[in-house]
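Inspection log for the structure reproduced underneath, given as structure tokens.
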Amino acid sequence: MEDRTKIENITIYWGRQESALIFSNSIVVEGGRGKVIIDPSAESDELRELSRHKVSVVNSHYHGDHRRLNYLFTKGEFFAPELDAPMLENNRLFIDAVGIDDAEIKEQWLEIVKGLYNIVEHRITGTFSDGEYVIDRSYDIKAIGLPGHTQGHSGFFIEGASLAIITDIDLTKFGPWYGNETSDIDDFLRSIEKIKHLDSKYFLSSHTHQIYTREQVVPMLDRFASFISRREEQIMRLLDADPCMSLDRMSRYGIIYPKSSLDNNPALVLFEKKMLEKHLKRMHVSCL
Ligand SMILES: [Zn+2]
């Protein structure tokens, strides 16, 4: 496929498909006061060239795969959702938001993520919340608050193109991801529902490589949301057999990540557990 798609003043640089965890789609919008890039991440010589100019950067949330090229855009200013901005400014707060209890693993994880995603701290010039224009009106980019994936996780609506960028409500075959301390399953479901009611003709996620029409996206959103109830059904089946099953044991069944991917991968096991914990809390499970 082409590595980019241009629609009027918007250019979408498609993130590499084979590594959805590392690359996300990047969107460049040419506005009233120059260019702005949303989530610099997609590998592209053009984006590297663009970073030599004064281009403002907008991050949808603090995750590394959405800011792995932030470090190149040294001439521009940085903008982020109000609730996630502190994690972009400060690596300590970033790693705290992941929610790792063990101090040693926490440090290790920070080093891994810093290397994997070229994480650098930035001063955030301006923040935005649901319904507000990002940077200013001239760019025609409105923030859509989509909490759940992270607390500040944001989508964007570009009215001129009737395009909704729904970021990490990403419509992938993996399903919703809510493995951080700041993630919330019920918020995630409400955010999916919110997208279904957006008055937008076109929809674009961060990790699939297609622009969807409303007719296409609504059933995809329903399917994406249904992962959550299917995961809970699996948990219920395990608990029916063993009402006091430990989290360690439950995390070996591959309810969220594919079972084979959990072998010898402590980071994925950690996130599997974080997400299972959120389900158990939501389901009010107690074996006493
Ligand atoms: Zn994310």
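A few remarks follow.
- Using alpha carbons only: equivalent-ellipsoid semi-axes of the stretch 227-282, gyration tensor based, whole Å: 17, 12, 10
- When the Cα convex hull of the chain is projected onto planes of every orientation, the mean area is 14.9 nm².
- Per-residue extension of 0.36 nm, minus the Cα-Cα distance of residue 218 and residue 133, leaves a gain of 28.1 nm for this segment.
- Within the stretch 4-223: Cβ-based charge dipole about Cα centre, in debye rounded to nearest 20 (Lys, Arg +1; Asp, Glu -1): 820
- Spin-label pair residue 197/residue 226, simplified geometry with 7 Å Cα→Cβ offset, distance in nm: 2.2
- Electrostatic bookkeeping for residue 51 treats Lys and Arg as +1 and Asp and Glu as -1; over the other residues with beta carbon under 15 Å from its beta carbon, the sum is +1.
- Computed E for residue 259/residue 111 - FRET, C-beta separation, R0 25 angstrom, nearest 0.05: 0.35
- DSSP-defined beta bridges in the stretch 4-223 - what % are antiparallel, rounded to 5: 65
- Sites residue 92 and residue 22 - FRET efficiency at Förster radius 25 Å, r taken between beta-carbons, to 0.05: 0.60
- Between the alpha-carbon centres of the stretch 206-237 and the stretch 238-255 there is a gap of 24 Å.
- In straight-distance terms, cross-link reach from residue 273 covers every one of the lysines whose alpha-carbon lies under 17 Å from its own, apart from those fewer than eight places away in the same chain; here that gives 106, 259, 281.
- Principal-axis tilt of helix 103-117 within the chain, Cα atoms, nearest 10 degrees: 40
- A simple packing score, the average count of other Cβ atoms within 10 Å per residue, orders the peptides 176-185, 268-277, 143-152 as 143-152, 176-185, 268-277, with the highest score first.
- Taking amide hydrogens as placed 1.01 Å from N in the peptide plane, the amide H of residue 134 sits under 5 Å from those of 141, 142, 143, each at least 5 positions away in sequence or on another chain.
- Across 260, 44, 205, mean-square fluctuation computed from a Gaussian network of the chain (C-alpha pairs under 10 Å connected) peaks at 260.
- Label-point gap, in nm, between residue 162 and residue 252 - each point 7 angstrom along Cα→Cβ: 5.4
- Pairwise centroid distance, computed over Cα atoms, of the stretch 263-286 with the stretch 97-133, Å: 21
- When the Gaussian network model of the chain links Cα atoms closer than 10 Å, the mean-square fluctuations of 113, 28, 36 top out at 113.
- Under 5 Å, built H, 5+ apart or other chain: amide partners of residue 205: 166, 210
- FRET efficiency, 1/(1 + (r/R0)^6) with R0 41 Å, evaluated for residue 30 and residue 287 via beta carbons: 0.10
Each value in this text was obtained by applying a stated rule to the coordinates, not by laboratory testing. Please read all numbers here as calculations on a predicted model, not as lab measurements. So basically every Cβ, Gly included, is an ideal-geometry build from the backbone, and we count neighbours across all protein chains shown.
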